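Okay, structure first, notes after.
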Amino acid sequence: MTALDWLLVVVINLGIVIYGVVMIRSKDQTFDYFLAAKTLPWWAIGLSAFGTAVDTGDYVAVAGGAYRFGISQLAFWWLGLAVGWFVLSFFVMRAMYRTGMYTNAEWLEFRFGPATRVLAVFINLQSRTNVLGNIYFSVFLVLSVVAGIPPGWAWAVVVGVAVTAVLYIWTGGLRSDVVTDVLQAVPMVVGSFVLGIAVWWSVGGWSGLSAKLQAIDPKLPAQLLHVGGYSPGGVPPTVVVFGMVVALIAYAVINQYEAIRFLGARSEWDYKMAAVVASVVTAITLWFNITMGPLARVDFPALNIIDQAYPLMIKKYLPAGLVGIVVAGLVAAAYSTFDSIGIGLSSLFVRDIYSRFFVQRAADAHYALVGRISVPVIIALGFVYVPFLTSGMFPFYIRLAGAISVPLMTMMLMGVFTRVHRATGIIGLVVGLVYGLSAILADFSKWGWPAWYVSPWWAYVWNIVLPAVTMVAASSIMDRVRGPVRDQELEGLLFASREMPHGQLKESIARRLKVLEGTWLQKTLREAPSMPKYPFPVPARGLPWYQRPERLAWGYIVVVCFVLFFILW
C-alpha cells in the first residue's frame, strides 16, 4: 500500500470515529443510551442493519467460503438474511416493541421463564464474540497480505481499531452506533463495487470466468457457478441451501445487536421499511463479495488458507488509490460491527444479567454507566476465537450456528406464533443444544456416525424439527395435566395477541412477573412511551404500494427466489 492508500484509510475511518465521539452524545439514561430514545428513521436503521450484518469477515471469509463452496452462499445472503429481517420486523418485533422491552432475552423470560433468558444471553455472547474473532482475523489478513505489515504490527492495528470503536459507543450509545454505521456503509458499498467491477472486467465476465475455471478443472464451473453446485458427502444440495438460508434467518431473529436498532425505531412502519432497505443493499454488495471466491480460484487455484482470497485479489487487480478505497471499506465494515456488537451485548448484560439477578433497584444512570463499562470487555472477548479460525472462518461459523443458534431461533418462533406452555421453552432449547453439541463432538472425534446426524448442514434441519416437535409434545401433555394455557399468560406476547390500549398493555406486562416487583426493570417497562404505527398521517385510501413494506418484501422474495432457483440453480 502507498502513502495515498493509507491516507484514504485513515482519513475516512478516523473522520467517522471523531464525528461519532465529538458530535453524538447520549444522555445518562438507559432509554437514550440503549434505544436512542426511539427516534431512529427507516433509512438509518436499514443502512445500519446492513453495516452490522456485513462485517469485514463478510468480505474476507465470504470470499474464502465461496472459493471452496461456490455461489451457493448467495442463498445465505440474498434469501436467508432478508427473510430473517422480514420475520424479525413483521412478526417477532411486534410484541417487544409494543410492550417497551429493550432486549429479545427479556421477552423470552416473559414467554418461557428465566432459564431461557439466561441461555439466550450466553448464546448471543458465544455467537457474536465468534463474529468479532472473524473480524479481527479478517482485518489482520488484509493488513498482512495487502499492506505487507509484519504480524505484530498488524495485530496492533486491529487492537487500535477495536479500541477506537469503543470510544464512540461509550459516548453516544445506539444513536452513535447507527449514525456512524450509515456513514461507514458508503465506503463499504463503494469498496465492493470497485474491486468487483475491476476483476469482472479483467476476467471477461461470466463466460470468461466459466472458461477459465473449466481450464483448471472441468468440474469447477458446475461446482462453483451454480447455487445448487455444492454437495458434500451424504448431503444433497437442497439441504446445503436450506441450511444456508436457515443460518441467517437464525442470525436475524436471535441476535440482540440486530434487534436493538429495530427497537429504537420511531414507529412500527419504520422498522419494517428498514428491513427492505437492508435486504436490497446487502444483496447488491454481497454479489460482488461472494463471486470474488470463484474469481480468486482462477488466479490462485491452490490456496492453503482460503480466507486469503479476497486480500490477494485486492493486491493483484487494484492500483494505488483504489486499494486505499477498498481497504477503507473493509476497515469501515469492522467498525460498523464492532460498535453494534458492543451496544447489543451490553444491553443484554445490563438488563438480562446484571439488573435482573444482581443489582435490581439502582438509579437509571447507574445502569447506563454499567452498560458503558461492559462494552470494552465484550469487544476484548472476540480475541479468544482467533486461534480456531485459520482453517476457514465460514465453516467454523456454519458448524456452531447450526448447533447453538438454530435451537434458540426455533424456540423464539414457537413462542411468537403458537400457544405452547411456558415451561416447554427450556425443554425444546435443551433438546436442540444437546443434539447440536453431540453432533459436533461425534464429528470432531471421528466416531463414524452417519452424515445425516453429524453434518453441520443436517443440523439446520434437525434443530428446527427436534425442538419444535418436543415443545408441541410437551405442551400437549401439560394441556392434559394442567389445562390449556390461560389467555392472561400470553397477553401481549404473541404476534396474534389482541390489540390493547398502550397503558393497559404496559401495566399488564409490568405486573406479569412478581419477581420484578419494585425493580428498575419494572420501572422502565411502566415508563415505556407509546409509539405510533406510522410516522406520518395515513390517507383514507391507504398508502401507495411503494410505502407498503409488506408488498416490497414479497416483491423482493419473489425476484430473489426466481434468480436463485431458476436462473442460477
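Odds and ends about this structure:
- Residue count for segment 5-28 under the criterion of being assigned to a helix (DSSP H, G or I), hydrophobic (A, V, I, L, M, F, W, C) and surrounded by 15 or more Cβ atoms within 10 Å (Cβ to Cβ): the result is 7.
- Residues that are touching a Lys or Arg at 6+ places or on another chain (Cβ under 8 Å) and open to solvent by 40 Å² or more (accessible area, probe 1.4 Å) within segment 542-568 comprise TRP545, GLU550, listed in sequence order.
- Criterion: hydrophobic (A, V, I, L, M, F, W, C), part of a helix (DSSP H, G or I), more than 30 Å from LEU513 (Cα to Cα) and touching a helix residue (DSSP H, G or I) at 6+ places or on another chain (Cβ under 6 Å) - qualifying residue of ALA468, ALA459, ALA474, ALA380: ALA459
- TRP569 satisfies every condition listed in (1) in a helix (DSSP H, G or I); (2) closer than 30 Å to ILE290 by Cβ; (3) touching a Gly at 6+ places or on another chain (Cβ under 9 Å) except (1).
- Qualifying residue in segment 413-429 (condition: open to solvent by 10 Å² or more (accessible area, probe 1.4 Å), closer than 11 Å to ALA250 by Cβ and out of contact with any Phe, Trp or Tyr (no Cβ under 7 Å at 6 or more places or on another chain)): yes
- Hits in segment 375-412 (condition: of a type in the set (S, T, N, Q) and either surrounded by fewer than 18 Cβ atoms within 10 Å (Cβ to Cβ) or modelled with pLDDT of 95 or more (or both)): THR390, SER391, THR410
- Selection within segment 430-439 - under 14 Å from GLN126 (Cβ atoms) and open to solvent by less than 40 Å² (accessible area, probe 1.4 Å): LEU433, GLY436
Residue by residue, here is whether (1) within 29 Å of GLY344 (Cβ to Cβ); (2) buried (at least 24 other Cβ atoms within 10 Å of the Cβ); (3) touching a strand residue (DSSP E or B) at 6+ places or on another chain (Cβ under 6 Å) holds:
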residue	(1), (2), (3)
ALA259	yes, yes, no
GLY293	yes, yes, no
ASP299	no, no, no
ILE305	no, no, no
VAL323	no, yes, no
GLY329	yes, yes, no
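- Residue within segment 103-115 that is open to solvent by 30 Å² or more (accessible area, probe 1.4 Å) and in contact (Cβ under 8 Å) with a residue 40 or more places away in the chain present: yes
- Filter result for ARG372 (touching a residue at least 60 places away in the same chain (Cβ under 8 Å), basic (Lys, Arg) and in a helix (DSSP H, G or I)): yes
- In summary, SER445 fulfils each of the numbered conditions (1) crowded, with 18+ Cβ neighbours inside 10 Å; (2) hydroxyl-bearing (Ser, Thr, Tyr); (3) closer than 30 Å to VAL469 by Cβ; (4) without any contact (Cβ under 8 Å) to a residue 40 or more places away in the chain with the single exception of condition (1).
- Scanning segment 307-321 for residues that are within 25 Å of SER207 (Cβ to Cβ) and touching a residue at least 60 places away in the same chain (Cβ under 8 Å) turns up ALA309, TYR310, LEU312, MET313, ILE314, TYR317, LEU318.
- Residue in segment 77-93 that is of a type in the set (Val, Ile, Thr), part of a helix (DSSP H, G or I) and either open to solvent by 10 Å² or more (accessible area, probe 1.4 Å) or under 22 Å from ALA154 (Cβ atoms) (or both) present: yes
The rows are residues; the columns are (1) among the basic types (Lys, Arg); (2) within 23 Å of GLN29 (Cβ to Cβ); (3) open to solvent by 50 Å² or more (accessible area, probe 1.4 Å).
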| residue | (1), (2), (3) |
| --- | --- |
| VAL472 | no, no, yes |
| ASP479 | no, no, yes |
| GLY483 | no, no, no |
| GLU499 | no, no, yes |
| HIS502 | no, yes, no |
| SER508 | no, no, no |
| LYS514 | yes, no, yes |
| GLU517 | no, yes, yes |
| LEU521 | no, yes, no |
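- Within segment 144-165, the set of residues being open to solvent by 10 Å² or more (accessible area, probe 1.4 Å) and under 25 Å from the mean Cα position of the chain (by Cα) comprises TRP155, VAL157, VAL159, GLY160, VAL161, VAL163, THR164.
- Unique match (being over 30 Å from GLY483 (Cβ atoms), open to solvent by 10 Å² or more (accessible area, probe 1.4 Å) and among the charged types (D, E, K, R)) among ARG351, ARG361: ARG361
- The condition of being at pLDDT 90 or above, surrounded by 16 or more Cβ atoms within 10 Å (Cβ to Cβ) and of a type outside the set (A, V, I, L, M) holds for TYR460.
- Selection within segment 261-278 - in a helix (DSSP H, G or I), over 12 Å from the mean Cα position of the chain (by Cα) and buried (at least 24 other Cβ atoms within 10 Å of the Cβ): PHE262, LEU263, ASP270, TYR271, LYS272, MET273, ALA274, ALA275
- Considering the conditions (1) of a type in the set (Phe, Trp, Tyr); (2) more than 30 Å from GLU489 (Cα to Cα); (3) open to solvent by 10 Å² or more (accessible area, probe 1.4 Å), TYR168 is excluded by exactly one of them, (3).
- Segment 7-29 residues that are among the charged types (D, E, K, R), paired with ones that are loosely packed, with under 15 Cβ neighbours inside 10 Å and at pLDDT 85 or above (beta carbon under 6 Å, 6 or more apart): ASP28/ALA365
- Count of residues meeting criterion [in contact (Cβ under 8 Å) with a residue 40 or more places away in the chain and out of contact with any Phe, Trp or Tyr (no Cβ under 9 Å at 6 or more places or on another chain)] in segment 118-137: 4
The values are calculated or read from the model by the stated rules, or taken from the named source; none is laboratory data. A quick note: this is a predicted structure, and the numbers were derived from the prediction, not measured. Positions of Cβ are backbone-derived with ideal geometry, glycine not excepted, and every protein chain shown enters the neighbour counts. For accessibility, only protein heavy atoms count, side chains too; no ligands or nucleic acids. Shrake-Rupley method; radii C 1.70, N 1.55, O 1.52, S 1.80 Å.
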